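What follows is a set of notes on a single structure, which appears directly below.
No lab work stands behind these numbers, since they all come straight from the coordinates. Since the structure is predicted, the reported quantities are computational estimates derived from the model, not experimental observations. For neighbour counting, all protein chains shown are included, and Cβ atoms are generated from backbone atoms with ideal geometry for every residue, glycine included.
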């Protein structure tokens with residue numbers, strides 16, 4: 001049996017929009033989620049509220065799926081954008097979805113916000129979603145799980161179709177100065193998939209995908225991983241951790257910013273856990289084998 | 001093994017093996033042979049689902065496996081259910097279940113619903129991204145005894161507390177049990193918001209519902 005461990009998401013982190021922040025900004029919702037300039041205002045306000053070293057974009061996990069045709073409920077100041085109704089009833093239909101056009105829609109606005117924040121010398125963490133998160137908007141998960149068992153080759157094609165779009169999104173973001181590209185796919189965690197299927201996903205998709213994604217890392221850019229993904233890589237022997245000593249104890253986010261150029265991949269903690277401090281001065285780079 | 005027992009075993013095995021088509025075919029064969037639908041459901045399909053639940057508890061099966069088992073079970077139920085004899089006066093314990101507003105992750109909720117239904121509860125599934133008031137309104141309209149809420153997102157957990165508050169405001173809290181679950185949810189959180197119980201997984205949710213509703217016998221027949 002695989003040794004993939006699970007990472008438990010907790011509720012004492014920075015996730016979410018805080019009403020006490022939004023009411024002072026004079027923004028209207030869900031309009032504020034739709035435009036680059038208001039995204040910037042909101043993102044900076046949340047950064048200040050959370051005491052984080054970086055701004056986060058976007059405020060949901062539906063941007064990629066929407067850009068591929070997904071139908072979104074844009075929400076309000078309390079609950080952000082989320083899936084509305086599924087557009088596919090078979091996995092075959094997923095392969096017919098269009099490629100993302102980065103010059104239109106909300107995804108264009110997100111990229112515009114990235115560019116504005118860069119111009120204001122802000123450090124930005126762009127949250128990008130993995131295939132299970134994207135699929136959650138597009139199709140009922142039961143079709144996905146069934147196809148993974150009955151039509152694994154077809155599902156591999158689906159994962160890579162989505163994966164290529166995510167890579168393109170990351171490239172576009174990098175062009176606009178995003179320094180921290182954060183990849184997560186929590187609905188595809190071992191707690192949902194079980195060890196056998198989780199291992200298969202690492203083999204078929206996550207590992208080769210991240211081999212491509214890490215090519216984006218350089219002196220200005222680092223790829224952050226959700227700890228669930230890190231555990232999946234470690235548990236399947238596809239990665240190891242390399243310790244880098246910091247000069248002083250630092251909040252994890254701050255450490256990531258400082259490690260750009262020295263580490264390609266990081267993921268020892270959830271980036272949303274802004275209060276997490278590396279007291280022992282040990283930063284752990286995720287090194288793919 | 002008699003011919004009936006053999007068919008029941010095939011139904012049960014088909015559910016455990018997630019073979020939806022085989023289960024549907026066997027269910028039809030079972031009916032054509034003149035055997036009672038009730039036994040086919042209880043000793044075939046539900047038996048298979050209980051075995052799947054056991055495998056889940058033992059960590060042999062995982063969420064995705066149990067979901068596929070349930071697809072097979074429902075394929076069989078669709079064929080057998082119309083042939084159940086009418087029984088007047090039967091009451092089932094009724095619950096309302098859904099994913100709270102703002103969240104669309106419904107895998108865990110679906111699993112809990114399936115296991116509760118398998119255990120004989122009558123579950124009203126409100127789906128995902130459910131407006132908070134709808135939990136309360138539906139529970140009132142349907143005469144439910146308990147509400148189950150889940151969320152995978154930290155941002156939407158607060159909605160669970162709002163539902164409890166609405167129940168209190170409407171004077172319904174005393175007669176309504178509230179169960180919560182989901183990735184970031186814990187017993188600590190349940191205690192904090194005043195929920196009656198938390199369960200970590202679907203099998204535990206069934207035990208919790210039975211405990212909260214003081215159900216001690218196994219008289220919950222799936223119909």
- Message: Given the -39500 (n - 2.57) contribution per DSSP H run of 4+ residues, what per-residue ellipticity at 222 nm results for chain A, rounded to the nearest 500 deg cm²/dmol?
- Response: -12500 deg cm²/dmol
- If one computes the Cα centroid of segment B:39-100 and of segment A:78-110, what distance in Å separates the two points? 33
- Task: Report, for chain A, the % of DSSP beta bridges that are antiparallel, rounded to 5.
- Result: 45
- Query: For chain A, what is the relative contact order in percent, using Cα pairs closer than 8 Å and at least 6 residues apart in sequence?
  - Reply: 20
- Task: Please arrange A:186, B:199 by counting, for each residue, the other beta carbons lying within 10 Å of its beta carbon, fewest first.
- Result: B:199, A:186
- Task: Before anything else, pin down the relative contact order of segment A:62-152: Cα pairs under 8 Å, at least 6 apart, normalised by residue count, whole percent.
- Result: 39
- Note on the structure: 1/(1 + (r/R0)^6) with r = Cβ-Cβ of residue B:174 and residue B:92, R0 = 25 Å, i.e. FRET efficiency to nearest 0.05, evaluates to 0.70
- Query: What is chain A by shape, rounded, prolate or oblate, if you read a ≥ b ≥ c off the alpha carbon gyration tensor as root eigenvalues and call it rounded for a/c under 1.5, prolate for a/b larger than b/c, and oblate otherwise?
  - Reply: oblate
- Note on the structure: Yeah, segment B:94-212 with a ≥ b ≥ c from its alpha-carbon gyration tensor (a/c under 1.5 is rounded, else prolate when a/b outruns b/c, oblate otherwise) is rounded
- So the compactness index of segment A:1-137, its C-alpha Rg divided by 2.2 N^0.38 Å, takes the value 1.13
- Taking a ≥ b ≥ c as the square roots of the eigenvalues of the Cα gyration tensor, with a/c under 1.5 meaning rounded and otherwise prolate when a/b exceeds b/c and oblate if not, segment A:167-289 is oblate
- 10 Å Cβ neighbours from other chains, averaged over peptide B:100-113: 4
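For residue A:175 and residue A:240, calculate 0.36 nm times their separation in residues minus their Cα-Cα distance, and state this gained length in nm to one decimal.
20.5 nm
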- Message: For a quick check: sort A:252, A:207, A:33 by the number of other beta carbons within 10 angstrom, fewest at the front.
- Response: A:207, A:252, A:33
- Message: Please rank B:65, B:196, fewest neighbouring Cβ atoms within 10 Å first, as an exposure proxy.
- Response: B:196, B:65
- Per the Kirkwood formula over distinct C-alpha pairs, the hydrodynamic radius of segment B:3-83 in angstrom is 11.9
- Item | Between helix B:202-212 and chain B: long-axis angle, C-alpha atoms, 0 to 90°, nearest 10 | 70
- Query: Helix B:132-142 versus the longest principal axis of chain B: what is the Cα-based angle in degrees, 0 to 90, to the nearest 10?
  - Reply: 50
- Item | Per-residue [θ]222 nm for chain B (sum of -39500 (n - 2.57) over DSSP H runs n ≥ 4, rounded to 500) | -15000 deg cm²/dmol
- Item | Spin-label pair residue A:262/residue A:289, simplified geometry with 7 Å Cα→Cβ offset, distance in nm | 2.6
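On average, how many beta carbons from a partner chain sit within 10 Å of the beta carbon of a residue in B:179-189? Display every interim value, and only then the final one.
Numbers: counts 0, 0, 0, 1, 10, 7, 1, 3, 0, 1, 2.
Mean number of neighbouring Cβ atoms from other chains: 2.
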- Message: If I model a spin label as a point 7 Å beyond the Cα along the Cα-Cβ vector, how far apart are those points for residue B:166 and residue A:280 in nm?
- Response: 4.6
- May I ask you to derive the FRET efficiency for residue A:92 and residue A:35 from their Cβ-Cβ distance with R0 = 30 Å, giving the value to the nearest 0.05? 0.25
- Query: For peptide B:17-25, how many partner chain Cβ atoms fall within 10 Å of a residue's Cβ, on average?
  - Reply: 1
